[in-house]
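What follows is one structure encoded as structure tokens, with my remarks underneath.
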Amino acid sequence: MKRYEFRLSIPSEQYLDYYRGAAKQVVARCPDGLTIQFPASLLIPFVTPEGIHGRFTLECDDVHRGARLSRLP
């Protein structure tokens, strides 16, 4: 299983592009410089009136399937 940690700061106005379907993928950079891409739909549980902010971890299998996103404390 692969695991990627990263920080997101997406204001609510910007998240509307994902919500409306104008943007379907999120691109994030990990602290080690690796760039990852994942479906914007994984962010839905983390949306607040202020947008999406915090540290997250993305886990997926070795062929990058079955992605699971969670917020870090």
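The values are calculated or read from the model by the stated rules, or taken from the named source; none is laboratory data. What you see is a predicted model; the values in this text were computed from it and never measured. No Cβ is skipped: glycine too gets one built from the backbone with ideal geometry, and neighbour counts run over all protein chains shown.
A compact table of results
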{"item": "Single match in PRO31, PRO49, PRO11 (criterion: touching a strand residue (DSSP E or B) at 6+ places or on another chain (Cβ under 9 Å) and free of Cβ contacts under 8 Å to residues at least 40 places away in the same chain)", "result": "PRO31"}
{"item": "Subset of the stretch 4-22 (residues that are modelled with pLDDT under 95 and closer than 13 Å to PHE38 by Cα)", "result": "TYR18"}
{"item": "Whichever residue in the stretch 26-73 is acidic (Asp, Glu) and farther than 20 Å from GLU13 by Cα and, among such residues, is surrounded by the most Cβ atoms within 10 Å (Cβ to Cβ)", "result": "GLU59"}
